[in-house]
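The structure appears right after this line, and notes come after that.
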């Protein structure tokens, strides 16, 4: 009888977990309060093996017992260290549209809280542009998930990646996806036909055309690409293509020349915070889109400073370490 009871209990547990996962399927807006507030997207999908959980397009390890979930999500701090946060939380069974819990950073035991709310399909709204002009300073670069859902070729590229490949160390723009999370301010100039973004980082300039044009048939690719946009309600929706090959971040996740970036930029009700949901579509490298949240605050007292970058220390360091030949060989292979 005891054995039968245990088996029944186990089957009941599996049934509860399966029902809970069915409730969780779909996309959830993830809000994490740890060192700062960070935003992300948590996705639960059914797969051949049961279910999969993703954070910002990267797979995470998870377990589910009843309505209690545990998961581990890797990230990289400002110093480049690969770290991990352990999440525990429960689903609100009354309505099934939110879940919340706590987290612990494995490397130092610091704690935080998190909450996820279901993302509902938005109804298209007529354009009602808002003023996003001004100088903005970064609040958060989002979850910064490192391990992503790679294709075989992208996985090989990540494994072969070396710091020698990092353009930022040579004072070359690290391109749109990465520079959008850089910790330096940016200035936005706006009129009816165009939004222009001036980045302190690498003195990059980006023009977002709002005049209804399509992408040009013949145009050189660049680090920041070619951007066209339109307003959906008060949200600025921007699509960018014609990007040069680059990396998502310093972990070497590749961005191909055929990649496409969609951004949804929104202004807070008080006009003091700007938020961007950036989605990278690059099927050559990723089995699912990659998501990056960015947040800035309005800082009219700030100024765009000179971005002083000198590549000499990088090359001199390689010379002293005897790695110049290795560097040149890697550059020849990338061409």
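The values are calculated or read from the model by the stated rules, or taken from the named source; none is laboratory data. Keep in mind that what you see is a predicted model, and the values were worked out from it rather than measured. Quick reminder, even Gly has a Cβ in these numbers, built from the backbone with ideal geometry, and neighbours come from all protein chains shown.
Some points to look at:
- Flag if residue 306 is surrounded by fewer than 17 Cβ atoms within 10 Å (Cβ to Cβ) and assigned to a helix (DSSP H, G or I): no
- Filter pass, residue 183 being touching a residue at least 40 places away in the same chain (Cβ under 8 Å), in contact with a strand residue (DSSP E or B) (Cβ under 9 Å, 6 or more places away or on another chain) and in a loop (DSSP other than H, G, I, E, B): yes
- For residue 144: the one exception among (1) more than 29 Å from residue 197 (Cβ to Cβ); (2) in a loop (DSSP other than H, G, I, E, B); (3) under 21 Å from the mean Cα position of the chain (by Cα): (1)
- Residue under evaluation residue 129, criteria (1) at pLDDT 95 or above; (2) closer than 28 Å to residue 36 by Cα; (3) not assigned by TED's automatic domain parsing to the domain that holds residue 253, criterion not met: (2)
- Filter result (more than 24 Å from residue 131 (Cβ to Cβ) and either buried (at least 19 other Cβ atoms within 10 Å of the Cβ) or without any contact (Cβ under 8 Å) to a residue 40 or more places away in the chain (or both)) within the stretch 186-222: 202, 214, 215, 216, 217, 218, 219, 220, 221, 222
- Residue within the stretch 149-172 that is part of a loop (DSSP other than H, G, I, E, B), touching a residue at least 60 places away in the same chain (Cβ under 8 Å), buried (at least 18 other Cβ atoms within 10 Å of the Cβ) and over 20 Å from the mean Cα position of the chain (by Cα) present: no
- Residue check for residue 130: part of a strand (DSSP E or B) and either touching a helix residue (DSSP H, G or I) at 6+ places or on another chain (Cβ under 7 Å) or under 25 Å from residue 270 (Cβ atoms) (or both): no
- Within the stretch 228-267, tally of residues that are within 19 Å of residue 192 (Cβ to Cβ) and assigned to a loop (DSSP other than H, G, I, E, B): 2
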